[in-house]
Amino acid sequence: MNTFRDLLIWQKSMNLVTQIYQLTNSFPKEEIYGLSSQIRRCSVSIPSNIAEGYGRDGNNDYLRFLNISISSLFEMQTQLEISFNLKYLNENQFNKINGESREIERMLSSFIRKIKDRKQNL
């Protein structure tokens, strides 16, 4: 692996950001500085922290950034559920984006475990 761009989890996270921006375009205009902005910032934080952690020296720093990434993912999932409850997203939109975010969640959790295991075995 040469760069963070080679990580499937980063690639999927980048795709998620694009989808989030497209979905939030249809939110009410009064949410532009509220829920729309917050969901977008959380989604951008996911691949950004994966990339930043990749560039850090050592597993401890990498784990810290991966944990920030998964925390942003959980925050985004919560905000998407709020958006669904407020009927800003229909059921199909919510199920699709939620399913993709849950896949990234599983991948991130697994990646974090692997790095922790590798760190313990050193």
**Item:** Accessible surface, the chain, averaged per residue in Å² (probe 1.4 Å)
**Value:** 59
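Using unit Cβ charges (K, R positive; D, E negative) and no other charged atoms, how large, in debye to the nearest 20, is the dipole of the stretch 4-121 about its Cα centre?
So the magnitude is around 300 debye.
Check each of the trypsin sites (Lys or Arg not before Pro) in the stretch 41-122 and keep only those in coil by DSSP with at most 14 other C-beta atoms within 10 angstrom; list them in order. Don't skip to the end; give the middle numbers.
Numbers: sites: ARG41, ARG56, ARG64, LYS87, LYS96, ARG102, ARG106, ARG113, LYS114, LYS116, ARG118, LYS119; in loops: ARG56, LYS87.
Listed in order of number, the matching sites are ARG56, LYS87.
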**Item:** Built amide H within the under 5 Å cut-off of LEU89, gap 5+
**Value:** PHE84
**Request:** Report in % the part of the accessible area of the stretch 58-122 that belongs to carbon and sulfur, leaving out ligands and nucleic acids; probe 1.4 Å.
**Result:** 48
**Message:** Please list log₁₀ I(q)/I(0) at q = 0.09 Å⁻¹ for the stretch 4-121, using the Debye equation with identical point scatterers on the alpha-carbon positions.
**Reply:** -0.25
**Message:** Spelling out what I want: for every residue of the stretch 87-99, take phi, set θ = phi - 60°, compute 6.51 cos²θ - 1.76 cosθ + 1.60 (Karplus), and round to whole Hz; glycine and proline get x.
**Reply:** 6, 7, 10, 7, 4, 5, 4, 4, 4, 5, 5, 5, x
**Whole-Hz couplings from phi, Karplus 6.51/-1.76/1.60, listed for the stretch 68-82; x for Gly and Pro** = 5, 4, 6, 5, 5, 4, 5, 4, 4, 4, 5, 5, 5, 5, 4
**Request:** Grab the other residues whose beta carbon is less than 12 angstrom from that of VAL17, score K and R as +1, D and E as -1, and report the net.
**Result:** +2
**Request:** Give the calculated FRET efficiency between LYS116 and ASN15 to the nearest 0.05, with a Förster radius of 30 Å applied to their Cβ-Cβ distance.
**Result:** 0.70
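I'd like the chymotrypsin sites (Phe, Trp or Tyr not before Pro) in the stretch 1-78 restricted to DSSP loop residues with at most 15 other Cβ atoms within 10 Å, sorted by number.
Listed in order of number, the matching sites are TYR33.
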**Prompt:** Among GLN77, THR24, GLY34, whose Cα lies farthest out toward the positive end of the dipole of the chain, if unit charges sit on the beta carbon of Lys, Arg (+1) and Asp, Glu (-1)?
**Reply:** GLN77
**Fill in**
Scoring the chain by relative contact order with C-alpha pairs under 8 Å, at least six apart, yields a percentage of 28
**Message:** What distance in nm lies between label points placed 7 Å from Cα along the C-beta direction at ARG106 and ASN25?
**Reply:** 3.0
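The values are calculated or read from the model by the stated rules, or taken from the named source; none is laboratory data. Remember, predicted model here, so these are calculated numbers, not experimental data. Neighbour counts are summed over all protein chains in view; Cβ atoms, including those assigned to glycine, are modelled from backbone coordinates with ideal geometry. The area values use the complete protein model at the heavy-atom level, side chains included, leaving out ligands, DNA and RNA. Shrake-Rupley method; radii C 1.70, N 1.55, O 1.52, S 1.80 Å.
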